[in-house]
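The values are calculated or read from the model by the stated rules, or taken from the named source; none is laboratory data. In this text the structure is predicted, and so the values were computed from the model without any measurement. Note: ideal-geometry Cβ built from the backbone for every residue, glycine included; neighbour counts use all protein chains shown.
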Amino acid sequence: MDPLWHTKRQWIYESFIYLCGFLLFMEWLYPLRQITDTEYVSAFIIYSAFCFIISFLRVPWYIGSPLKMIGLAFVVDQLFMTEPFLSSSWLFAIKDQLRYNWDMIMGLRFDQITPFFRSILFLVLLWLMSYLLYYWFVVVKRIHFFVILTFVYVTVLDTFTVFDGKASVIRVFLISLIVMGVSSIMKELKDEEITVAHKRLFKGWMYPLVMFILGATILGYASPKLTSQWPDPVPFIQSATEGLDGSNEKVQKVGYGTNDEQLGGSFIQDNTLVFQVAAEEEHYWRIETKDFYTGKGWINAEEGRFQSFDPDEVLPIQTFNQENVETEKRTATVLMIDKASFTKLVYPYGIERVNQSGAMSYNVNATTNVIQPMRNGRTVRVGSYEIDYNQPSYSYQQLQQASEEDPLDIEEQYTQLPESLPNRVENLARNLVEEEDNRYDKAKAIEEHFATSAFRYDTEDVPVPEEEEDYVDQFLFDSQVGYCDNYSSSMVVMLRSVGIPARWAKGFTGGERIDSATGDDGKAYTIYEVKSENAHSWVEVYFPQIGWVPFEPTKGFGNHTEFYTDEIDEEEREEVTEELKEKLNEEEQEKPELQQLEEELSDEKEEETSGTLLRNRVLVFILIIAVVTSIALYVYRFPLMRMYYRRRFLRNPNASTFTDSYFFLMKVAAAKLKIKRNKGQTLREYAMEIDRYFQSNQMSRLTHQYERLLYNRNEQNLPWDEVTELWEDLINKTLS
Amino acid sequence: MSQQTFLYHSKVQDLLNNVQKVIIGKSEVTTLSVVALLAQGHVLLEDVPGVGKTMLVRTLAKSLDCEFKRIQFTPDLLPSDVTGVSIYNPKDMQFEFRPGPLLGNIVLADEINRTSPKTQSALLEGMEEHHVTVDGDTMELKRPFFVMATQNPIEYEGTYPLPEAQLDRFLLKLQMGYPTEQEEMEMLQLVSSNHPIDDVEAMMTKEELIQMQEEVKGVHVNQSIQHYIVQLTSATRQLDSVYLGVSPRGSIALMKAAKAYAYIQGRGYVIPDDVKYLAPFVLSHRIILTNEAKYERTTATSLIHSLLERISIPIGKI
């Protein structure tokens, strides 16, 4: 039995120290949500807690490791998998993913690594960390290194990212003072072999410690602090790295992403080709919609259910009522270039069916309007496919005359707003729609608000809302600078604030026209190229009996939806004509702005896109932790190995344990004492060299036992206690 | 200590101590002689006269309660002087065999290179075959049988150098070397009254020695050690400076010697240290250097030492 476990107090103390280690490690995880697009921080926290507990319980590795493995699989399953847990299709999907990511890594295409794989890497890292911290805190009782690392980590994040480390620093300070205090007391007690009664331990040691820590914390918190003694290095660093400027904002790479919880910040253009499409007309390519506004970004209130559909079956994505909306049958062919990132289809409004040889079925989510191609029960990446769709065109009159009586469920789901939304947003919206008497005009009025010169389209210089700030509020009243996410979110929120059901749609704009061709059916098709930078978000407004009608509030973007005017009587015609005139005027007004914008953006495309966070950040973060872990593992490799062999000796002293640990001892001696065995040197000669160094005969004694094992026939009954003791003494001496 | 129990092992140390009472400061040669004795091999002592070669052999013989015979080799010595001769006894009217010195237990063959090859081969046949042929009759030699031959490296005139094939018959080739001043002083004090050899008592019987030789056979040689030995001997055959390398007989000799050495240490198994220690003594006289190497003053011993540095010791795993 390990002597460390002899007393109950020891156990309590170790639990406490390890708990503190866990709390410190949590400080590493908390900022992830803010600085990366990690959606599932809580899952990671739970998993690391799980790993920490298992490490602490010291269950044998052959129980602990499978448990952690199962935990890992479970987390992955919960986060990413739609297949039943551990079913064969599940395993296939995992295998598929792993193979794909492996290829990407081998091809050095790190940006193509999927979130699934990044999460697995991250979970493995958590697993390692749980063990490493156990080793640091409980076994070698070296706490300082990790405490300092944590401080460095928090301060670096505080300085260079949006993360506000104030509370975190205080917490880390408190925890580390406590843990270092307790650990040094226990070390002292142990070294000096003081035995103190429980009560006296508290009276004499713990109370003063607690008082001291509290005093230091309060004093530190309350005392006046000097302002920074040197200028903030961040602007300098950022100005030195081109393309970024010194404001407190995050910079993202543009593209389609799934996480919209934290919107805001600048982005850099990315003109990676995503797909090509042959269509008769240019229109937006939809991927999904979101319905829940958090004050910072968008999520889905409910994930919704996926339903499976066969190819050629009509898919239930009904954004409008076909009976009331005029449509035209069309076909488009989409060729995905960037196969890796997409397991969702891009599709035009009015989609009816998808013909694609690759997929066996389609999973359609009626809530989020996501279509996932499936094969053998697994999501597959999309190659190329053909879409039959009925392109809608809406009648102005119909829209204007539509009733405003929404079905209850629509009203409930799509007029949600966070309670924290400042009143001035609603006030503004009310002002704008005051004079309008129908939903279409109200929506139009709000849409037009963004066309005023107060708003500027820009992808840079876009701030991120502060902790207590609302994303929409900030854009509408403070910054008035932004891109599609700002415009579309603001419009949805304003519509909702006046009771109009609206939702946030994501996808791609029509892209760039590159060629034209004549299809098999004799129709003229245009080939469009859609790139990452064409990622876009816009607004859908609900009209009873008609359905969801797209609106485009973003400056510089035109709504490609077709609207038409019915044959109407003279009076109405005048009205409409006037409206059309107005609209034309607006467009004219819009044009100079557009040109100006184009100049501003110079060689960048003027099309802006949905801001998704730089995926690689998580990867970078993982890399940093991985590097830190590897360095730590490397630095502590010998103590770690010592622990490993020690456990082997305790559990199962046998020939292979002896051989391995003897070789380990030689390796350590070569590294630490610089005593290396030549190949022609016998073990005895080598042992004498070591003994000469230590002025003892332990190595020779150990070597004699090893020789017996090695050269005698069937040697089984070595004096294992002596061997273990000699080996431990020697390895400790060598490592110290 | 090993689990293997050697009944007679305790006597080895007594024997060595006993010999060292007389032979001052020559513990290595003494031990190696006992190695050869226990391995049932023979020793070639190569050194100048007067360093105690004869004394060593005599002390050994006396400690062992064995019959000691000495043959002084001269150019006119005949094979029958070594093996023995049948003499006609007129009384019985029959030929009667008079055993030669070779039929003792411990034989000192002094200045072996001074006699004719014919006589040398009579000795060597006995050493190798453990029997001699006289007048067509083959006679078994006594057990134990141990030959210590000496040769003088200084005087070459009128000598018949031993052929290489015959050198192979000796398990070890040893050198006595001069004692240190201190040792020589000690020696003088020791012999000032009467010679200590007179006080040497037998430490064990012939039978006990034979038992010990049997026990040595039971010493374990691990396969890895055998491999090490073979690597070593076969490496001598590949050296550029070697005209003729160590024969397989040399490998066997090395293994036998290592077993005896391990036994002396009280170990039931051979370790690489045994092999490494004995290799120069067992192998150096089994190597014939090329003339070029000789000109460069390379010696067989130095070659073996460099090989020992080069060849990996088996230590369990790589």
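Of the residues making up the stretch A:549-579, those that are surrounded by fewer than 24 Cβ atoms within 10 Å (Cβ to Cβ) and modelled with pLDDT of 85 or more number 3.
Taking each residue of the stretch A:415-440 that is touching a residue at least 24 places away in the same chain (Cβ under 8 Å) and looking for partners that are exposed (fewer than 12 other Cβ atoms within 10 Å of the Cβ) and in a loop (DSSP other than H, G, I, E, B) with beta-carbon atoms closer than 9 Å, six or more apart or interchain, yields A:SER420/A:GLU468; A:ARG439/A:SER403.
Answer yes if at least one residue in the stretch B:210-218 is within 14 Å of chain A (Cβ to nearest Cβ) and surrounded by fewer than 23 Cβ atoms within 10 Å (Cβ to Cβ), and no otherwise. Outline the logic, then answer.
Our first condition is that a residue be within 14 Å of chain A (Cβ to nearest Cβ); within the stretch B:210-218, this holds for B:218.
Within this subset, residues satisfying the condition of being surrounded by fewer than 23 Cβ atoms within 10 Å (Cβ to Cβ) are B:218.
Scanning the stretch B:210-218, I find at least one residue that is within 14 Å of chain A (Cβ to nearest Cβ) and surrounded by fewer than 23 Cβ atoms within 10 Å (Cβ to Cβ), so the answer is yes.
Residue check: B:VAL270 meets all listed conditions (1) within 14 Å of another protein chain (Cβ to nearest Cβ); (2) crowded, with 21+ Cβ neighbours inside 10 Å; (3) without any contact (Cβ under 8 Å) to a residue 40 or more places away in the chain but one, namely (3). Exactly one residue among A:ASN697, A:ASN712, A:ASN732 is out of contact with any Pro (no Cβ under 6 Å at 6 or more places or on another chain) and within 14 Å of another protein chain (Cβ to nearest Cβ), and that residue is A:ASN712.
Here is a check on your reading of the model: is B:TYR295 of a type in the set (Phe, Trp, Tyr), over 30 Å from B:HIS9 (Cβ atoms), surrounded by fewer than 19 Cβ atoms within 10 Å (Cβ to Cβ) and out of contact with any strand residue (DSSP E or B) (no Cβ under 7 Å at 6 or more places or on another chain)?
Details: of a type in the set (Phe, Trp, Tyr): yes; over 30 Å from B:HIS9 (Cβ atoms): yes; surrounded by fewer than 19 Cβ atoms within 10 Å (Cβ to Cβ): yes; out of contact with any strand residue (DSSP E or B) (no Cβ under 7 Å at 6 or more places or on another chain): yes.
Spelling it out, B:TYR295 is indeed of a type in the set (Phe, Trp, Tyr), over 30 Å from B:HIS9 (Cβ atoms), surrounded by fewer than 19 Cβ atoms within 10 Å (Cβ to Cβ) and out of contact with any strand residue (DSSP E or B) (no Cβ under 7 Å at 6 or more places or on another chain).
Just one of the listed residues (B:ASP135, B:ASP81) is assigned by TED's automatic domain parsing to the domain that holds B:GLY50, loosely packed, with under 14 Cβ neighbours inside 10 Å and touching a strand residue (DSSP E or B) at 6+ places or on another chain (Cβ under 8 Å), and it is B:ASP135. Would you check if B:SER121 is more than 23 Å from B:LEU44 (Cβ to Cβ) and in contact (Cβ under 8 Å) with a residue 24 or more places away in the chain? Here the answer is no, as B:SER121 does not meet what is asked. When you look at A:LYS674, is it within 9 Å of another protein chain (Cβ to nearest Cβ) and either assigned to a helix (DSSP H, G or I) or surrounded by fewer than 16 Cβ atoms within 10 Å (Cβ to Cβ) (or both), yes or no? Spelling it out, it is not the case that A:LYS674 is within 9 Å of another protein chain (Cβ to nearest Cβ) and either assigned to a helix (DSSP H, G or I) or surrounded by fewer than 16 Cβ atoms within 10 Å (Cβ to Cβ) (or both). Scoring B:VAL242 on the criteria (1) of a type outside the set (Lys, Arg); (2) more than 23 Å from the chain's Cα centre (by Cα); (3) exposed (fewer than 15 other Cβ atoms within 10 Å of the Cβ); (4) more than 11 Å from chain A (Cβ to nearest Cβ) leaves a single failure, condition (3). Considering A:THR612, A:THR629, which residue is surrounded by 13 or more Cβ atoms within 10 Å (Cβ to Cβ), closer than 30 Å to A:SER119 by Cβ, modelled with pLDDT under 70 and of a type in the set (Ser, Thr, Tyr)? Just one listed residue meets the conditions, A:THR612. When A:GLN238 is tested against (1) within 36 Å of the chain's Cα centre (by Cα); (2) at pLDDT 70 or above, exactly one condition is not met: (2). Only a single criterion out of (1) within 27 Å of A:ILE546 (Cβ to Cβ); (2) of a type in the set (Gly, Ala, Ser); (3) in contact with a Gly (Cβ under 7 Å, 6 or more places away or on another chain) is not satisfied by A:GLY350, namely (3). State yes or no: is A:TYR686 more than 29 Å from A:LEU125 (Cα to Cα) and not in a loop (DSSP other than H, G, I, E, B)? When the stated conditions are applied, A:TYR686 passes them. Scanning the stretch B:189-209 for residues that are surrounded by fewer than 19 Cβ atoms within 10 Å (Cβ to Cβ), in a helix (DSSP H, G or I) and under 23 Å from the mean Cα position of the chain (by Cα) turns up B:ILE197, B:LYS206, B:GLU207, B:GLU208.
Give the residue, chosen from A:GLU722, A:GLU685, that is surrounded by 15 or more Cβ atoms within 10 Å (Cβ to Cβ) and either more than 9 Å from chain B (Cβ to nearest Cβ) or under 17 Å from B:PRO272 (Cα atoms) (or both). Reasoning before the result, please.
Details: A:GLU722 fails: surrounded by 15 or more Cβ atoms within 10 Å (Cβ to Cβ).
That would be A:GLU685, the only listed residue that is surrounded by 15 or more Cβ atoms within 10 Å (Cβ to Cβ) and either more than 9 Å from chain B (Cβ to nearest Cβ) or under 17 Å from B:PRO272 (Cα atoms) (or both).
If you filter the stretch B:304-318 down to residues that are within 7 Å of chain A (Cβ to nearest Cβ) and more than 9 Å from A:GLY680 (Cβ to Cβ), you find that the one that is modelled with the highest pLDDT is B:ILE315. Residues that are at pLDDT below 80 and not small (Gly, Ala, Ser) within the stretch A:375-411 comprise A:ARG375, A:ASN376, A:ARG378, A:THR379, A:VAL380, A:ARG381, A:VAL382, listed in sequence order. Condition (residue is modelled with pLDDT under 85, over 30 Å from A:GLU467 (Cα atoms) and touching an Asp or Glu at 6+ places or on another chain (Cβ under 8 Å)) applied to the stretch A:72-85: is it met by at least one residue? Yes: the stretch A:72-85 contains one or more residues that are modelled with pLDDT under 85, over 30 Å from A:GLU467 (Cα atoms) and touching an Asp or Glu at 6+ places or on another chain (Cβ under 8 Å).
Enumerate the strands (runs of 3 or more DSSP E) found wholly within the stretch A:428-538, keeping only those where 3 or more residues are buried (at least 22 other Cβ atoms within 10 Å of the Cβ).
Values: elements: A:502-508, A:512-518, A:524-531.
The qualifying strands (runs of 3 or more DSSP E) are A:502-508, A:524-531.
Given the criteria at pLDDT 85 or above, under 28 Å from the mean Cα position of the chain (by Cα) and at negative phi, does A:LEU345 qualify? Step through it out loud before you land on a result.
On the way: at pLDDT 85 or above: no; under 28 Å from the mean Cα position of the chain (by Cα): yes; at negative phi: yes.
Considered against the rule, which asks whether it is at pLDDT 85 or above, under 28 Å from the mean Cα position of the chain (by Cα) and at negative phi, A:LEU345 comes out as no.
Check the stretch A:642-654 and report whether any residue there is over 15 Å from A:ASP729 (Cα atoms), buried (at least 16 other Cβ atoms within 10 Å of the Cβ), of a type outside the set (Asp, Glu) and within 14 Å of another protein chain (Cβ to nearest Cβ). Among the residues of the stretch A:642-654, not one is over 15 Å from A:ASP729 (Cα atoms), buried (at least 16 other Cβ atoms within 10 Å of the Cβ), of a type outside the set (Asp, Glu) and within 14 Å of another protein chain (Cβ to nearest Cβ), which makes the answer no.
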